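Here the structure is laid out as structure tokens; the discussion comes afterwards.
The values are calculated or read from the model by the stated rules, or taken from the named source; none is laboratory data. Here the structure is a predicted model, which is why all the values come from computation and not from measurement. Here Cβ is always computed from backbone atoms with ideal geometry, including for glycine, and neighbour counts include all displayed protein chains. Each accessible area value is taken on the protein alone, full model and side chains, heavy atoms only, with ligands, DNA and RNA left out. Shrake-Rupley method; radii C 1.70, N 1.55, O 1.52, S 1.80 Å.
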Amino acid sequence: MDPEKQFINTIKTALGRPGNQPPADLFTTSPSQEEKTLLEKIRTRTHQERVPLIEQLRQTVPSLHMDLHLEAGIEEAARAIGRLILEKEPEWGTSKSVVCWDHPLINQLKLSEVAELGQIPIHNTGYDGTDPQRKKEIRSQVEASFIGITSADYCIAATATLAMKTRPGHARSVSLVPSIHVAVVREEQLLADLRELYTLLKWDEAERKEGLTRNLTLISGPSKTADIELVMVHGAHGPRELHLFIIAAD
Amino acid sequence: MELTTKAYKQTAKKAIADPILQSALAGLQSRLGPATASLYENLPEGPDLRAKAHAYRRKAVDNLDIMLVTLAGKIRENGGEVHFAATAKDAVDICLDIAEKNNVKHVVKGKSMVTEEIGLNRALMDKGIEVNETDLGEYIIQLAGEKPSHIVAPAVHKTRKEVGELFTEKLGTPYTDDPPTLTRDARQALRKKFMAADMGISGCNLACAETGHITTVSNEGNIRMATTLPRVHVAFMGMERIAANLEEHQAILRLMSMGAAAQQIGGYVSYIGGPAAVDHADGPQAFHLVIVDNGRSRILADEEFREMLCCIRCGACLNVCPVYGKIGGHSYGSAYTGPVGAVVTPLLGGINEASHLCQGESLCGACRVACPLNLNLPRMLLALRAKLSEGDPRWNVKPKSRPEKMLFQVWSRINQNRKVYDILLKLGRLIQKIMPSSNHMIRRLPWPFSGWTQSRDMKPLAGKTFMELWKEHQGGRS
Ligand code: SF4
């Protein structure tokens, strides 16, 4: 018998199956009334109702060592990010370069047109799946960049969590390898808490269709460790800083 | 599983005599214990969530066959490979085979207890493969050639000075005892390893059957690095680490973060369901999941211990245990330390071989209160002790001490016979007069009871029993 069958049979024997039949409700089948109400609430949330979410986010970020930037529009965000690129020093080596997701919101920032950035290269991780050479190039650009700029699917106010599914163009390493992670989301992408996130992931039609993808990552703050005498240090392996930009609804 | 539980007493003694370790353990417990407790009190869903989560875990374990088949099916649909390993050796061989087929020379690892359990690092290194632990605590103890002493903070027993000296010796960095600088030194050294690695190995905190994902949790980001940058990702999972659906998964995952580090949610949580797709700009080209039994099906088959398979290895029980807080992790003699280790190590590694562990715990019940799933560890500790005293062929347990058992049998006989009891009582009152005593306390008892008075005095028997007093006062009326 192949090892897999044998393995599962051992479990069946240990469980005393057959005889002990599995219950019918192991997996979820339909949303509860509560979940339906919550979905509706998220869909119809107004700008006014998001004000408390932003307030909550503002209170959460300091303990997670994150920086929150509230911007009135795309241009303002682009300028602020430009300033950040100029002000911050690279951690490894001396030359500056930046890598961005190939993502509609990030592309709208048009960072390569921000005049002050001059010669600083702004790469992006657009990839169509055909050229392995290009993939290598992306990897080395990510490694060389000191700032990585991504968006996210959602941003959760209660825990300052960014939720990102994996998709073409959205290289995972951009939020991981550069020393500074800049995440840009629109105010409409704010959720109140993790419960809202999971309700969407489970029951929103588009989310269900897409599934969690091959890699869904939840990020709450920059990399940290307390492994030496319980002293908290930021920047263990991932980014040392995480700047969250929220662009106000127009 | 490599056990060093025979040295339990010596290791514990050393730990108790080490003032630096004592203060590190006290610091850890005073910081994490109360913080976790206060998170439980403020659960948005109310305190019931923990009981619910216990039931979710139990449901998954009770239907483990269906859970695993579902998970494996989904992962294969997404281009991943799933392997089933009945023993530690099978699991190691599967990994060696993947490494050979992919021509792997450099491995980076995220912290994983099950790979410790199966002895994976040794096997890889014997094949000439370089293996680097990347969790900072694990990295430190790997450099020092030591074993982890805490589930979440593996190097809690090392001082910053020791880490500084270690890094100077092994990494050639200038000596410092400044944790941020030391962290940066390790960051720099490991960054090169991450970039060069061709295989990343991770554990799995909790899989989700319905969606077909494993999850990994870290605060350092090392697991994301190890599962994003190398071209091959191999994940190891104890077969019980699974939840049925996303709702149940998220509840358990959050509780785990609270138990592990007093967080609402770990800094980085990744749901991994397969290799990167062809049009993804990065991510591993191959994803392998190795599901490990290695003695777990025996626990599953025994109703008395099945509850232990609900454990999610968060380490919360370590952070409150008065015994762990004194003797430290190394005394437990395996990767699983503290109260969880005292139950799991005997069940996986042999009840006789690890008998000290369950006998050393105090049964105070603090672990049960701190466990995010309210697992009844004290009950299982008692069940293990019962096996040790009675023996159990199903678990290959030989009764631990025949004389002790006989002594208790005699004791129970005496207690059942009032006359014999009274005679012996009188005899005792006579004998105790010649025992060395002071301040109305007996200082020393003769062998075989001498152990009892080694570090405490004993109250002498009262001149009259309660029954005798009762008779006098009531004139014999009951
Ligand atoms: S027994 Fe409970 S507290 Fe201890 S590691 Fe397991 S789940 Fe965590």
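Some notes on this structure:
- The relative contact order of chain B comes to 19 percent, based on Cα pairs under 8 Å that sit 6 or more residues apart.
- Percentage relative contact order, the range B:43-294, counting C-alpha pairs under 8 Å, at least six apart: 28
- Rolling a 1.4 angstrom probe over the protein heavy atoms with all chains in place gives the range A:44-125 an accessible area of 56 Å² per residue.
- Over chain A, relative contact order from alpha-carbon pairs under 8 Å, at least 6 apart, %: 24
- Every Cα-Cα pair of chain B was included, and the share exceeding 40 Å stands at 29 percent.
- Span from the the range B:42-67 Cα centroid across to the the range B:349-395 one, whole angstrom: 22
- Simple Cβ-charge dipole of the protein assembly as shown, Lys/Arg +1 and Asp/Glu -1, about Cα centre, in debye nearest 20: 3860
- Estimated distance in nm for a label pair at B:I423 and B:F466, the labels positioned 7 Å out from Cα along Cα-to-Cβ: 2.5
- In this structure the amide hydrogen of A:N124, modeled in the peptide plane, comes within under 5 Å of the amide hydrogens of A:C100, none closer than 5 places in sequence on its chain.
- Per residue, the convex hull spanned by the alpha carbons of the range A:32-247 comes to 142 Å³.
- Degrees separating the helix B:160-171 axis from the principal Cα axis of chain B, which is the longest one: 40
- Taking the square roots of 5 times each eigenvalue of the Cα gyration tensor of the range B:405-475, largest first, gives ellipsoid semi-axes of 24, 19, 9 Å.
- Prolate/oblate/rounded label for the range B:321-457 (Cα gyration tensor, a/c 1.5): prolate
- Residue among A:P22, A:V99, A:I54 farthest towards the positive dipole end of chain A, charges placed on Cβ: A:P22
- Across the options B:N63, B:H356, B:Q454, the greatest Cα extent toward the positive end of the charge dipole of chain B (unit charges at beta carbon of Lys, Arg, Asp, Glu) belongs to B:Q454.
- As a fraction of the 1.4 Å probe accessible area of the protein assembly as shown, surface on carbon and sulfur atoms comes out at 54 percent.
- Rounded tilt (10° steps) of B:48-62 against the dominant C-alpha axis of chain B: 70
- Loss of accessible area when B meets A, both sides summed, Å² nearest 100, probe 1.4 Å: 7100
- For chain B, the solvent-accessible area with a 1.4 angstrom probe is 43 square angstrom per residue.
- Most mobile of A:A157, A:A236, A:A144 in a GNM of chain A (Cα contacts under 10 Å): A:A236
- Rounded if a/c under 1.5, otherwise prolate or oblate - the range B:43-294, Cα gyration tensor axes: oblate
- Between amide H atoms placed 1.01 Å from N, distances below 5 Å from B:S202 occur with B:G110, B:V234, B:A235, B:F236, all of them 5 or more places distant or on a separate chain.
- Gain in span if fully extended, B:N439 to B:R456, counting 0.36 nm per residue against the direct Cα distance: 4.8 nm
- The alpha carbon gyration tensor of the range A:205-250 gives principal lengths a ≥ b ≥ c with a/c of 1.5 or higher and a/b no greater than b/c, which makes the shape oblate.
- For the residues A:W92, B:W447, B:W470, A:W101, a 1.4 Å probe over the protein chains yields an accessible-area ranking, largest first, of B:W447, B:W470, A:W92, A:W101.
- Placing unit charges on each Cβ (+1 for Lys and Arg, -1 for Asp and Glu) gives chain B a dipole about its Cα centre, and among B:M199, B:A262, B:I16 the Cα reaching farthest toward its positive end belongs to B:I16.
- Against chain A, whose longest principal axis is taken from its Cα atoms, helix A:132-144 shows a tilt of about 60°.
- Fluctuation leader among A:L68, A:L86, A:L218 - chain A, Gaussian network, Cα springs under 10 angstrom: A:L86
- Fraction of beta bridges assigned by DSSP in the protein assembly as shown that are antiparallel (%, nearest 5): 35
- Residue pairs, from the table B:K426/B:K459; B:K9/B:K170; A:K202/B:K74; B:K400/B:K459; A:K88/B:K170; A:K224/B:K14, whose Cα atoms sit over 21 Å apart: B:K9/B:K170; B:K400/B:K459; A:K88/B:K170; A:K224/B:K14
- Remark: for residue pairs B:K109/B:K158; B:K111/B:K158; B:K105/B:K161; A:K96/A:K136, the C-alpha separation exceeds 27 Å in B:K105/B:K161.
- Complex-versus-alone comparison for the range A:14-43, residues with a loss of 40 Å² or more in accessible area, probe 1.4 Å: A:A14, A:L15, A:R17, A:L26, A:F27, A:T28
- Estimated 222 nm signal from helices in chain B, with DSSP H stretches of n ≥ 4 weighted -39500 (n - 2.57), rounded to 500: -15000 deg cm²/dmol
- Cα-centred dipole magnitude for chain A, charges only on beta-carbon of K, R (+1) and D, E (-1), debye, nearest 20: 680
- A Cβ-based charge dipole, computed about the Cα centre of the range B:405-475 with Lys and Arg at +1 and Asp and Glu at -1, lands at about 140 debye.
- Across the protein assembly as shown, the convex hull enclosing all Cα atoms gives 207 Å³ per residue.
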